[in-house]
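Report on one structure; see the data block that follows.
Nothing in this text is a laboratory measurement; each read-out follows from the coordinates by a stated rule. What you are looking at is a predicted structure, and each value in this text was computed from that prediction instead of being measured. Glycine gets a Cβ as well: all are built from the backbone with ideal geometry, and neighbour counts include every protein chain shown.
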Amino acid sequence: GEEGGWGGGGCSSDSGQSDAWSDAAVSSDGEGFRGGARRGGGGRGGGGGREGGGGGRGGGGGKRSKQSKPSSRVDELAERWAVGSDGDGTFDEALVVDVYGRFLAGGRSGRGRSADLSRLELSGYLERYLWPHFDGESASWEHVMSIVVMLNAKFGEGVDGWAVLRAERARFDAFFGRALGLPSERAEMPWLERAEWVRFLVRAFGSLEEEMVRVQALKLASLPMWLTLSERDAASRLKAQPALSRPWKFVKKRRTKEAALPSGPPLSSQREESFLPSLLRQTVEALALADERARGAATEDGGGGVDDEAEGGGGGG
């Protein structure tokens, strides 16, 4: 559809580092324990030994490996947000793109992504780097999507994500407009990224008590949506709600003027008219496609499915 595909693609990641570190630590500690027992005289706290005392349960010696747990890549990068937040010109949009691909992209899932997301949240990635340097015109797709993901993470932890954005009203308006267009800026949007985007929309429409959110969200659920109806359907609804007749005439008059512009209706007007209807249509299409795939998989796995069993008699039991 016009909002982009629903197919998926993967992205490389550094997930699994923590497991590797844990394995390394266990291996190191195990070797130290065995080495102490072997070299230090064994037993429950025995002394002596060539290289130290007392292996076993009570001993304290032996040659133990002192391997320390290395810092994560996110922890190393967090130093950049701290510097970048001072407004000293060190912001790098390419770094935002890289961080998104490594730690936040929709091709990743599971505990590795969750751990990276938690580290980014704790490092203040949204407050110190993404939001202070967001520009509605020049920000990359990854920059906008990163803000969406980080906001979802905050709300998921019970934190008011809007508080970070509240002081910059003009910037928020620009961000919200860019966020609405995320699917249309990509030929394909993986399922997990699409889910993050929808979660953001659900949160926005569930936060109408927030004035800056309400102003933007309710534009998408207003009278211009009726322009997508047939003349007959629109007339039927106006008959049931005559108080809307005058506003409806104004909407149609404005749209006629905008259609006559050389560039056509502005993007904001197009979204007021078709954003939610288009989203609902794509949702229905995606569900139908998922159902079709599920039926196909069941047919392949079950050799024809339930209908074939019924036709074949199915056997008693």
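When peptides 212-220, 166-174 are ranked by their average number of other Cβ atoms within 10 Å per residue, the highest-first order is 212-220, 166-174.
Each residue of the range 201-207 was assigned a 3J(HN,Hα) from its phi angle through the Karplus expression (A = 6.51, B = -1.76, C = 1.60, θ = phi - 60°), giving 5, 4, 5, 4, 6, x, 10 Hz with x at Gly and Pro.
For the range 183-222, run through the GluC sites (Glu not before Pro) and keep only the ones in DSSP coil with at most 15 other Cβ atoms within 10 Å of their Cβ.
Loop-located and lightly packed - 209.
In terms of its C-alpha gyration tensor, the range 179-233 comes out oblate, because a/c is 1.5 or above while a/b does not outweigh b/c.
From the square roots a ≥ b ≥ c of the eigenvalues of the alpha-carbon gyration tensor of the range 97-208, which class results: rounded (a/c under 1.5), prolate (a/b over b/c), or oblate?
Values: a/c = 1.31, a/b = 1.13, b/c = 1.17.
Because its axes are fairly even, with a/c under 1.5, the range 97-208 counts as rounded.
Given R₀ = 22 Å, what would the calculated FRET efficiency be for residue 141 paired with residue 270, taking r from the Cβ atoms and rounding to 0.05?
Numbers: r = 20 Å, r/R0 = 0.89.
Using R0 = 22 Å, I get an efficiency of 0.65.
Amide H contacts of residue 188 (H built 1.01 Å from N, in plane; Pro and chain starts excluded): 5 sit under 5 Å, all sequence-distant by 5 or more or on other chains.
Is the C-alpha gyration tensor of the range 210-280 telling us rounded, prolate or oblate? Criteria: a/c under 1.5 is rounded; beyond that, a/b larger than b/c is prolate, otherwise oblate. The partial results should precede the final answer.
Numbers: a/c = 1.61, a/b = 1.13, b/c = 1.42.
Cα axes put the range 210-280 in the oblate bin.
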